[in-house]
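Nothing in this text is a laboratory measurement; each read-out follows from the coordinates by a stated rule. Only a predicted model underlies this, so the values are computations on that prediction, with no experimental measurement involved. FYI the Cβ positions are ideal-geometry reconstructions off the backbone, even for glycines, and counts take in every protein chain you see.
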Amino acid sequence: MKQSQLFSKTRKEAPKDEVSRNAQLLIRAGYIHKEMAGVYSYLPLGLRVLNKIGNIIREEINAIGGQEVFMTSLQDKASWEKTGRWSDTVIDNWFKTELKNGSEVGLASTHEEALVSILKNYVQSFRDLPFSAYQIQTKFRNEARAKSGIMRGREFLMKDLYSFSRDIKEHDAFYEKAKLAYKRIYERTGLGDRTFITFASGGSFSKYSHEFQTLTSAGEDVIYLDKKKGIAVNKEVFVDEVLNELGIKRENLVEEKAVEVGNIFSLGTKFSEPLELKFVDEKGVKQNVIMGCYGIGLGRLMGAVVEVLSDADGIVWPDAVAPFRVHLIAIADKAGKVAEEATKLYNALTEKGIDVLYDDRDARPGEKFADSDLLGLPHRVVLSEKTLAEGVVEYKPRRANAVGERPVEKITQAELLARLSRNTQNEKTC
RNA sequence: CGGGGCGUGGUGUAACGGCUAACAUUCCUGUUUUGGGAACAGGCGACUCAGGGUUCGAAUCCCUGCGCCCCGACCA
């Protein structure tokens, strides 16, 4: 992509009403647009990040057998009444609206009812189980107070996975697989070393649910982390009884602020029973299906990455989620030779399947570098009269640096290509 | 939903109740310039969130509504 064509623009100042770091940086860098409180549009750069995150999630969920579906946002009142969740006192953040004929519909905040209703047509026998389905879809939640930029909105993309098992043993096995898939997702999106599985309150069916909490001061949750064991306890279940049960010692815990970037939950028969999702077992006996649900908010995950991976100059995207991997910057000369060479390199990289944002704008170097830091693409390559004369390119990784520190390497184009393709391979195997 | 704060060009700010609402930035034109947000010249862009009221006169004071932000509660 040539930056001169990009539908986006950077700005020096963030809107004054935007306080959260993630929204400030993402707006300044032109990734998102705020439509109203808690409601954000994604511009081309932001959408690319969202799609990369979505695809990582897809790969990992597909790998444990999840099948992708796409359900509706408009929800039928009847099935929600059966589970007792239509009431505004039970779910206080409903968005509801009306059809022309006067009947009420809801805007989905989650999809247990919807998917179970579908499955009644497809699950009859023990032979139809186990299986799991997921989607990446817009959720609507009428939050009393939106905040934290894209980390807590009223409309947001969520990956929601639902599992359907014959018995608890089968459910538990899948639940453990889901845990591992989640772990890989956070590793691949760059949050691995500061994201911890966290025990949180469960429900009527299981004592605990598990959250994935990423340490950041921007988070809303308080957790108690055992760094050695790599597990944590949410404040909501932080009592001696729980600690004893989990074999965690109070003195090994540190209190941390964190953001919940994922949640997995054993549902038991909470939904299958009222909605009558049953199957006939080997003995011909009708049984309720055992369910689990597993959520990840894509925008929240993206916001968390920005919160955690950014510095004074801007965002520092990990390779796997950056909108483009390479930022190619041409510092133009009068003769136009640099632009010519940069275009060639841009084409060469693009042909190799490497995402490049090519800053071909007629702007001064300072502006280009400042924009580049703000956008946060992981690999910066600079071409100028100087580098042309030396037969090299300048390479600088966009990692968090000390203020004023700008380490630069001079390498040949061949070496650059080799490095970038090496990184691609690492990505695939990790 | 309780408490507090705030609404002025795209963005950030200014303006005693009193001239044509100012400055910076962005944007446009031109000259010059090209390694960390260049300089100069010219220009576009706001009936000051909406509606009412007070006043000779309102961005400014008062009322109502709407919106935004913060703290708290909530987050199935």
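Key figures
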{"quantity": "Residue that is surrounded by the fewest Cβ atoms within 10 Å (Cβ to Cβ), among those in segment A:113-165 that are closer than 28 Å to A:Leu50 by Cα and hydroxyl-bearing (Ser, Thr, Tyr)", "calculated": "A:Thr138"}
{"quantity": "Residue count for segment A:2-49, restricted to those that are within 8 Å of RNA strand B (Cβ to nearest atom) and in a strand (DSSP E or B)", "calculated": "3"}
{"quantity": "Number of positions in segment A:108-130 that are hydrophobic (A, V, I, L, M, F, W, C) and within 11 Å of RNA strand B (Cβ to nearest atom)", "calculated": "1"}
{"quantity": "Matching residues, segment A:277-311, being among the hydrophobic types (A, V, I, L, M, F, W, C), within 16 Å of RNA strand B (Cβ to nearest atom), more than 16 Å from A:Leu50 (Cα to Cα) and within 23 Å of the chain's Cα centre (by Cα)", "calculated": "A:Cys293"}
{"quantity": "Qualifying strands (runs of 3 or more DSSP E) (wholly inside segment A:292-410; at least 3 residues being under 30 Å from A:Arg166 (Cβ atoms))", "calculated": "none"}
{"quantity": "Leading residue by the ranking (farthest from RNA strand B (Cβ to nearest atom)) among those in segment A:139-178 that are under 15 Å from the mean Cα position of the chain (by Cα) and among the charged types (D, E, K, R)", "calculated": "A:Lys159"}
{"quantity": "Any pair with Cβ under 9 angstrom, 6 or more apart, that starts in segment A:139-154 at a residue that is part of a loop (DSSP other than H, G, I, E, B) and ends at one that is more than 9 Å from RNA strand B (Cβ to nearest atom) and among the polar types (S, T, N, Q)", "calculated": "A:Ser148/A:Asn22; A:Arg154/A:Asn142"}
{"quantity": "Contacts under 9 angstrom Cβ, first residue in segment A:76-94 being closer than 12 Å to A:Glu112 by Cβ and basic (Lys, Arg), partner outside any loop (DSSP other than H, G, I, E, B) and within 11 Å of RNA strand B (Cβ to nearest atom), 6 or more apart", "calculated": "A:Lys82/A:Glu113; A:Arg85/A:Glu112; A:Arg85/A:Glu113"}
{"quantity": "Hey, A:Leu416 farther than 30 Å from A:Thr214 by Cα, touching a residue at least 24 places away in the same chain (Cβ under 8 Å) and in a helix (DSSP H, G or I) or not", "calculated": "yes"}
{"quantity": "From A:Ala133, A:Ala181, residue being more than 16 Å from RNA strand B (Cβ to nearest atom), touching a residue at least 12 places away in the same chain (Cβ under 8 Å), under 16 Å from the mean Cα position of the chain (by Cα) and under 30 Å from A:Asp281 (Cα atoms)", "calculated": "A:Ala181"}
{"quantity": "Test set (1) aliphatic (A, V, I, L, M); (2) surrounded by fewer than 18 Cβ atoms within 10 Å (Cβ to Cβ); (3) assigned to a helix (DSSP H, G or I); (4) in contact (Cβ under 8 Å) with a residue 24 or more places away in the chain - A:Ala173 fails condition number", "calculated": "(4)"}
